[in-house]
Amino acid sequence: MSLKDSLLKKLETRRDHWSKQVERLRAESEEEQARAEDEKAEAEVREKFAKRIQGVEDRMDQARSRMDELREAGEDKVDSLKGKVDDFLSSNEDEEDRSQASNQ
């Protein structure tokens, strides 16, 4: 597998993970909204989850952009993009860990 294919695979895997995370967050949001005692509590739940979902969707968009950039890049550019992709994936792992810890 070429470096380009390997990087694309990493990004696709992470994007798929985030997609599943969005699905889980939407389900959690619906459950919490159903348990909310009044409209205000329901709105607070909706807002809390909307922010979290938007953050994950933003990362998915960034991953798509990186994937497009990789697909269009010639082999001579892939080495320089590797650092950007690795930094992106690493920084988003850290962000995801912080997000999960603060929401428990």
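Read-outs throughout are calculated quantities, based only on the coordinates presented, and are distinct from any laboratory measurement. The model shown is predicted, which means the values in this text are computed figures rather than measured ones. Here the Cβ is made from the backbone with ideal geometry for all residues, glycine too, and neighbour counts use every protein chain on show.
Odds and ends about this structure:
- Using bins of 5 Å that start at zero, the share of Cα-Cα pairs per bin across the chain amounts to 2, 12, 20, 19, 14, 11, 9, 6, 4, 2, 1, 0, in whole %.
- Each of GLN62, SER2, ALA36 was scored by the projection of its Cα onto the charge dipole of the chain, and the greatest displacement toward the positive side belongs to SER2; charges sit on the C-beta of Lys, Arg, Asp and Glu.
- Tilt relative to the chain, helix 3-35 - C-alpha long axis, 0 to 90 degrees, to 10: 0
- Residue separation of LYS77 and ARG24 scaled by 0.36 nm, minus their Cα-Cα distance, works out to 15.4 nm of gained length.
- Computing FRET efficiency as 1/(1 + (r/R0)^6) for GLU42 and SER65, where r is the C-beta to C-beta distance and R0 is 30 Å, gives about 0.30.
- Its DSSP H runs of at least 4 residues, each contributing -39,500 (n - 2.57), put the calculated 222 nm mean residue ellipticity of the chain at -33000 deg cm²/dmol, to the nearest 500.
- Look at the alpha carbon pairs under 8 Å that are at least 6 residues apart: their mean separation over the length of region 3-102 gives a relative contact order of 38 percent.
- For the residue pairs LYS51/LYS77; LYS40/LYS84; LYS48/LYS77; LYS20/LYS84; LYS48/LYS82; LYS20/LYS82, the alpha carbons lie more than 32 Å apart in LYS51/LYS77; LYS40/LYS84; LYS48/LYS77; LYS48/LYS82.
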